[in-house]
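This report concerns only the one structure given below.
Every read-out reported here was derived from the displayed coordinates using simple, explicitly stated rules and does not represent laboratory data. Just so we're clear, the structure is a prediction, and the values are computed from it rather than from any experiment. Neighbour counts are summed over all protein chains in view; Cβ atoms, including those assigned to glycine, are modelled from backbone coordinates with ideal geometry.
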Amino acid sequence: MNKPKIKYDFDEISAQYDRCNHLFSFGIDHLWRRHLVTSVNAHPRQHVLDLCCGTGDVVFSFLKHGSVGHVTGLDISERMIDLAQEKQIRFSGNPRMRNKILSWKVADAVQTGLESNTFDFVTCAFGIRNIPDRAAALKEMCRVLKPKGKLCILEFSLPSNPLLRGPYQFYLGRIMPLLGKWIVGGKEPLQYLSQSIRHWHNEVHFSTELSQAGFKLIRKTPLTCGLAALWVAAKNG
Ligand SMILES: C[S@@+](CC[C@H](N)C(=O)[O-])C[C@H]1O[C@@H](n2cnc3c(N)ncnc32)[C@H](O)[C@@H]1O
C-alpha cells in the first residue's frame, strides 16, 4: 500500500518517539501536556477527542491530571496507536482509570469518520504542523465539536526574545539533527522538525486560519519563554 509520506515517517520513528520527545525537550513536554489538560478542565460527563495522539501522552495526561470521563485518541499511524494501546495495558491497574472510557482510532485528521457535533473538546498536541491540508483538518475539528465546543492546540514555537531565539534556533537546526542521527539513526526526522517549527512560526497565520474554519480565538498562551504555545478557540455557536 502507498502510505502518505507523513504517516510513513511517524511509523518509522514510532519506537523511539517517546524517548526522543522527552530527551530533546529536557522533559518539559510533560509540563506542556499537563498545562493543556488543566486548561481544558473537562468534567466526568464530557468527551474529549485528541487528534494526532501519537503514543497517547495527552490521553494519559487527561487520565492522570483531569477528571474527564471519555477520551478518544486518533492518529493516522497504526504503529503509534499500537504503542498507545500497549501503554493502556500498563496503565490499567491505575485507580485513575476507574470509570474512564478510552477509545482509539486509526484515521486521518482530515477525514475522521466521526459523527458531527459529538465532542466537548478537541485537542491536538504537536500535530497540526504536520498536516499538509490544515484548512481541511480545522474544518473537520469544527464539524465534530459540539456548538461552542473548545479546540485546544499545543504547538512548538520560537521565543520572542532574540537573546533566546538565536541559541534556540542553533540548537534546533544544528544540535538536534546530530543527536537525532545518533538516537533515531538518521538526521532527517529532526531536520524536518526544525524546518517545520520555523515555517509554522514565521509563515503561518494561525489565528486567521482558525476564524476561516469557524472558530473564535479565545487566547494564545506562550509556554516556557515561547518554546511552545497553547491556542484555545471556541466553535462559533
Ligand atoms: C509529533 S507527533 C505528536 C504526538 C502526540 N500528540 C504527543 O503529544 O506526543 C505527531 C503525530 O501526528 C500524527 N499525524 C500526522 N499527520 C496526521 C494526520 N493527517 N491525521 C492524524 N494523525 C496524523 C503522526 O502519526 C504522529 O503520531
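Please work out which one of (1) within 14 Å of the ligand (Cβ to nearest atom); (2) out of contact with any Ser or Thr (no Cβ under 8 Å at 6 or more places or on another chain) is the condition K105 fails and give its number.
Result: K105 passes all but (2).
Somewhere in the stretch 200-216, is a residue within 17 Å of the chain's Cα centre (by Cα) and assigned to a strand (DSSP E or B)?
No, because not a single residue in the stretch 200-216 is within 17 Å of the chain's Cα centre (by Cα) and assigned to a strand (DSSP E or B).
Yes/no matrix, rows are residues, columns are (1) surrounded by fewer than 14 Cβ atoms within 10 Å (Cβ to Cβ); (2) touching a Leu at 6+ places or on another chain (Cβ under 7 Å); (3) among the aromatic types (F, W, Y):
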site: G173; (1), (2), (3): no, no, no
site: P177; (1), (2), (3): no, yes, no
site: W200; (1), (2), (3): no, no, yes
site: L227; (1), (2), (3): no, no, no
site: A234; (1), (2), (3): no, no, no
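Could you list, in sequence order, the residues of the stretch 84-113 that are touching a strand residue (DSSP E or B) at 6+ places or on another chain (Cβ under 9 Å) and small (G, A, S)?
Correct list: A84, S103, A107, A109, G113.
Residue under question is R19, and the condition is that it be farther than 29 Å from G149 by Cβ, surrounded by fewer than 18 Cβ atoms within 10 Å (Cβ to Cβ) and within 14 Å of the ligand (Cβ to nearest atom); does it hold?
Details: farther than 29 Å from G149 by Cβ: yes; surrounded by fewer than 18 Cβ atoms within 10 Å (Cβ to Cβ): yes; within 14 Å of the ligand (Cβ to nearest atom): yes.
Criteria met by R19.
Give the residues of the stretch 83-100 that are of a type in the set (G, A, S) and assigned to a helix (DSSP H, G or I), sorted by residue number.
Hit for the stretch 83-100 is A84, nothing else.
Quick check: anything in the stretch 50-70 among the acidic types (D, E), within 13 Å of the chain's Cα centre (by Cα), closer than 26 Å to D108 by Cβ and not in a helix (DSSP H, G or I)?
Yes: the stretch 50-70 contains one or more residues that are among the acidic types (D, E), within 13 Å of the chain's Cα centre (by Cα), closer than 26 Å to D108 by Cβ and not in a helix (DSSP H, G or I).
Look through the stretch 31-45, keep the residues that are under 21 Å from W104 (Cβ atoms) and either within 11 Å of the ligand (Cβ to nearest atom) or β-branched (V, I, T) (or both), and return whichever of them is surrounded by the most Cβ atoms within 10 Å (Cβ to Cβ).
So the residue we want is V37.
Can you spot a residue in the stretch 46-53 that is away from the ligand (no atom under 16 Å from the Cβ) and either under 21 Å from K150 (Cα atoms) or in contact with an Asp or Glu (Cβ under 9 Å, 6 or more places away or on another chain) (or both)?
yes
Which residue, of D75, D133, D120, is crowded, with 18+ Cβ neighbours inside 10 Å, within 15 Å of the ligand (Cβ to nearest atom) and on the phi < 0 side of the Ramachandran plot?
Answer to the selection: D75.
Return a yes/no flag: does the stretch 171-186 have any residue that is of a type in the set (K, R) and either closer than 27 Å to F121 by Cβ or in contact (Cβ under 8 Å) with a residue 40 or more places away in the chain (or both).
no
Mind telling me which of the residues G127, G93, G69 ends up being touching a residue at least 12 places away in the same chain (Cβ under 8 Å) and more than 9 Å from the ligand (Cβ to nearest atom)?
G69
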